[in-house]
1. For A:L376, indicate whether it is under 30 Å from B:Y258 (Cβ atoms), at pLDDT below 85 and surrounded by 17 or more Cβ atoms within 10 Å (Cβ to Cβ).
2. Does A:S268 satisfy the criteria of being under 21 Å from A:I180 (Cα atoms), within 14 Å of chain B (Cβ to nearest Cβ) and of a type in the set (S, T, N, Q)?
3. Looking only at the stretch B:102-144, how many residues end up being within 14 Å of another protein chain (Cβ to nearest Cβ) and surrounded by 20 or more Cβ atoms within 10 Å (Cβ to Cβ)?
4. Is it the case that A:T390 is farther than 21 Å from B:H413 by Cβ, modelled with pLDDT under 90, assigned to a helix (DSSP H, G or I) and within 14 Å of chain B (Cβ to nearest Cβ)?
5. Inside the stretch B:40-53, can you point out the residues that are closer than 17 Å to B:E333 by Cβ and either part of a loop (DSSP other than H, G, I, E, B) or among the polar types (S, T, N, Q) (or both)?
6. Helices (runs of 4 or more DSSP H) wholly in the stretch A:1-87 with at least 1 residues that are touching a Pro at 6+ places or on another chain (Cβ under 8 Å) - which ones?
7. Counting only residues that are of a type in the set (G, A, S), assigned to a helix (DSSP H, G or I) and modelled with pLDDT of 90 or more, how many does the stretch A:118-143 have?
8. Taking the stretch B:255-309, which residues are touching a helix residue (DSSP H, G or I) at 6+ places or on another chain (Cβ under 6 Å), of a type in the set (V, I, T) and more than 20 Å from B:L384 (Cβ to Cβ)?
Amino acid sequence: MLPPELIVLISIAAPALVGAAWLYRGSRTLSAGFIGVIAGGIGGALFMVPLNYCTFEADRTSTDVAFGVFLIALGAVIGIAVGAGVNRIVGSGKGISSLTSEQNTAGTFKGTVIPFALLAPTLVILALFLYAPALDNLRLSTLLARLGTDRTAFVCVDNFTKLLEPRQNYGQTLYATFLISFFTVIIGLAISLMIAYVAYQPVRGASIYRTLLIWPYAISPPVAGIIFGMVFNEGAGIMNHLIRSGGGVPVQWLQSASIAPWTIIAASVWKSMGFNILFYIAGLQNVPKDLIEAAAIDGANFVVRFRRVIIPMLSPITFFLIITNITYAFFETYGTIDFLTRGGPAGATSTMIYRIVDNGLNQRDLGSAAAQSLILFSLVIIITLIQFRTSGRRVTYGR
Amino acid sequence: MSRRSMLLAALTVIMALVALAPAMAQDKIQIPVWIAFTDSRLDWSRERAAEFNELFPQYEVTIEGYADYESIFAAASLAFEQGTQPAIVQYFEAATQDARDAGFEGNPQFKSVAEAFGDRTEVNGLPVNFDDFVDAARNYYTLDGSFTSFPWNTSSAIMFSNKTMLEAAGVEGIPATWAEVDAACEKIMAMENAPANCITWPNHGWFFEQAVAMQGADLVNNGNGREARATETFINSDAAVAYVSWWKDLQDKGYYIYTGAQRDWGGTYNAFVAGQVAMLLYSSSDTTALTNDGAAAGFDVVASFYPHNQDVEYAGNLIGGASLWLSNDLSTEVEDGALTFLLYFTNTENAASWHQFTGYVPITKSAIALLESEGWYEENPNSLVASDQLAAAIPSSATAGAIVGAFPAIRNHVTNAIEQVLVNGRDVTEALTEAKELADETLAEYNLLYAGE
């Protein structure tokens with residue numbers, strides 16, 4: 001292992017060099033390079049200084065070292081990204097106002113005092129109830145901490161690296177999370193769009209149908225869990241009763257590790273459908289009739305009209321729904337899972353959020369729960385970024 | 001009066017009432033109590049609290065219900081951290097060590113009830129008599145020589161059989177050993193109109209602990225954690241492997257049905273009442289409900305001892321359930337009120353009524369005497385089984401029950417391992433050994449934080 005001073009030096013110098021090169025390449029000014037050096041250097045130290053470079057101590061495993069290098073790289077990326085933003089402001093020579101778009105300056109506040117005063121109530125609440133606990137969570141994730149005591153012990157990144165041990169089955173947790181989330185969103189949106197399209201047709205009593213369709217949204221996830229628990233109960237449930245009376249073999253809806261996730265998906269889709277339908281009906285009402293008529297006159301049949309006109313016109317709604325549904329699938333399925341399977345059988349429906357609550361509250365391991373919630377937090381940020389970068393560009397806002 | 005002034009007058013009255021209401025309520029000494037029931041057991045408790053509030057008008061006991069033991073445990077820890085803990089909180093037996101260790105900034109969360117009572121022989125005219133508690137509860141909750149918490153709902157794991165179905169299958173008597181359960185199941189499943197499966201029980205750590213204790217084995221080291229702080233678990237002991245192997249074998253033969261979720265009390269209960277299984281291992285806490293529900297469904301329910309391993313001498317069972325913990329740092333008047341309520345809540349009549357209403361064992365000897373004199377057990381033989389089973393236990397560290405930190409988390413490692421055996425067909429010894437390693441790690445972390453060891 002390298003001497004500690006050298007590690008500190010490398011962890012700051014390397015990102016600083018990368019930052020300088022990156023920013024200099026963009027604007028070819030010395031000041032940009034200078035900002036790059038500072039941003040990269042601070043970024044490299046961002047996670048390591050609070051951790052006191054503990055991942056590189058002599059008795060640490062190679063996993064810890066690798067995780068330490070990853071944290072330095074992550075800090076560097078964050079630092080350089082911030083540096084690039086600073087560089088834009090400095091480079092434009094106009095201060096903060098250069099971040100707002102040029103053409104839309106009518107009605108903006110002069111100065112900085114009044115806008116910030118008006119933002120203050122929101123900012124204070126966000127800082128108190130969101131940012132401060134989030135920062136505290138960062139600290140908690142490096143501690144051995146249990147519910148019921150204020151005594152803690154610093155354990156470096158053990159809470160993270162422990163999850164890599166095969167017996168922790170964290171891979172299974174990730175798999176269950178992605179399986180359930182992906183299909184909840186895809187199936188949920190597809191069915192919702194279909195139902196919304198039918199409910200949108202001008203039929204007698206349309207408003208009654210629409211109201212009834214939105215109903216499931218008003219039901220809390222645990223109640224959805226109870227309802228589906230009764231429907232899918234192996235012995236006494238309606239589903240197996242129907243299958244049996246049809247002469248089929250009863251299905252182990254909740255007992256089989258391969259079927260249980262799909263039962264959860266079905267319950268989650270049903271639960272989120274009302275919300276999706278509501279937005280799709282609203283979206284459909286905004287699709288200009290003349291566009292559809294024009295397409296029809298051009299000889300486009302229903303399928304083509306649906307694919308080429310309606311779906312593109314709905315893309316802002318779909319984009320919004322994908323984001324909200326991902327958030328729903330990641331965070332709000334806890335109640336449904338808890339009532340249907342409790343993460344079982346054998347962890348097959350133990351999603352990340354379920355495991356966080358279970359580890360943190362039921363098993364009282366706050367440190368591990370904090371670490372896991374940071375992983376979930378990063379994942380959702382990454383997915384949302386990808387989402388904005390890819391689909392975000394293809395969204396048509398109709399003008 | 002104009003409409004407007006009438007409105008104003010009404011508003012004034014309302015505001016005055018709102019302002020006065022807390023002041024009026026504060027005349028009484030508030031004694032918040034949290035218990036982990038939301039069903040009829042909460043109603044029963046609230047009725048007792050209402051009676052108490054009438055008898056002692058200076059106090060106002062309010063009872064709040066929580067969904068289960070696990071969630072009340074978490075909620076009380078958080079409340080204590082924020083300084084809003086109730087005067088009395090019900091913790092399950094597995095949380096005993098955690099409750100003893102709980103505290104913030106060097107301030108313990110709970111006060112030993114023995115210490116709170118001191119050498120008083122009565123509080124507000126209600127007699128204090130620790131000797132009246134039944135032995136099994138006394139043995140469990142006596143730690144370092146005295147009561148740390150107040151015993152209340154105490155149960156044991158027993159077996160319930162659908163006697164009608166057993167008789168139809170030609171099973172004589174009630175199975176008392178693992179082998180007899182196997183034999184009975186063979187007959188039951190061979191019937192023409194056989195049920196879907198023969199037996200079930202929840203995958204809850206408690207059933208595992210019972211089975212281990214019944215074979216005379218400790219769950220943790222240092223005299224099951226009663227001589228000194230436990231530092232190692234024995235989750236993969238021979239007794240444990242034998243039990244889980246028997247369980248898995250029952251499942252392989254199609255006798256045992258796993259409902260798919262851990263700690264699934266509801267699903268297993270329903271399977272028995274719906275006649276999908278002939279036998280159910282369950283908590284005696286629901287003896288009355290199970291007996292009545294079975295009768296309503298048209299079959300006789302017979303309660304019996306938890307079946308034991310015929311190859312090992314029967315060592316006896318241990319208790320389950322929960323006790324009532326007294327919060328630390330209460331003002332003297334609130335603490336006295338809380339102690340008065342504890343005494344009233346478990347007095348002879350209430351202990352007997354609680355037993356009749358639920359199936360938890362009568363917690364005091366005087367309550368048992370009262371029930372006997374009323375002829376209750378002759379009419380309700382099922383209700384006697386849990387008390388008999390606990391009385392039959394040979395006193396030992398195994399049957400006193402384990403006292404260990406992070407017990408709920410350790411239980412979770414156990415039930416996870418059993419689930420891997422039942423659902424994924426994992427090897428019993430391998431799964432339990434891994435659970436032991438994980439549990440030992442959890443315990444080491446716990447001991448490091450709480451005891452600096």
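1. Working: under 30 Å from B:Y258 (Cβ atoms): yes; at pLDDT below 85: no; surrounded by 17 or more Cβ atoms within 10 Å (Cβ to Cβ): yes.
Criteria not met by A:L376.
2. Numbers: under 21 Å from A:I180 (Cα atoms): yes; within 14 Å of chain B (Cβ to nearest Cβ): no; of a type in the set (S, T, N, Q): yes.
No.
3. Keep residues of the stretch B:102-144 that are within 14 Å of another protein chain (Cβ to nearest Cβ), which gives B:102-110.
With the extra rule that they be surrounded by 20 or more Cβ atoms within 10 Å (Cβ to Cβ), the set shrinks to B:102, B:109-110.
Of the residues in that region, 3 qualify.
4. Working: farther than 21 Å from B:H413 by Cβ: yes; modelled with pLDDT under 90: yes; assigned to a helix (DSSP H, G or I): yes; within 14 Å of chain B (Cβ to nearest Cβ): no.
So A:T390 does not fit the description; no.
5. Of all residues in the stretch B:40-53, those closer than 17 Å to B:E333 by Cβ come to B:52-53.
The one that is closer than 17 Å to B:E333 by Cβ and either part of a loop (DSSP other than H, G, I, E, B) or among the polar types (S, T, N, Q) (or both): B:N53.
6. Working: elements: A:4-27, A:30-46, A:48-51.
Those helices (runs of 4 or more DSSP H) span A:30-46.
7. Filtering the stretch A:118-143 for residues of a type in the set (G, A, S) gives A:120, A:127, A:132, A:134, A:141.
Going one step further and asking which of them are assigned to a helix (DSSP H, G or I), we end up with A:120, A:127, A:132, A:134.
Pick out the ones that are also modelled with pLDDT of 90 or more and you get A:120, A:127, A:132.
So the count comes out to 3.
8. Within the stretch B:255-309, B:T259, B:V273, B:V277 qualify.
The values are calculated or read from the model by the stated rules, or taken from the named source; none is laboratory data. In this text, all values refer to a predicted model and were calculated from it rather than measured experimentally. In this analysis, Cβ positions are derived from the backbone assuming ideal geometry, glycine residues included, and neighbour counts consider all displayed protein chains.
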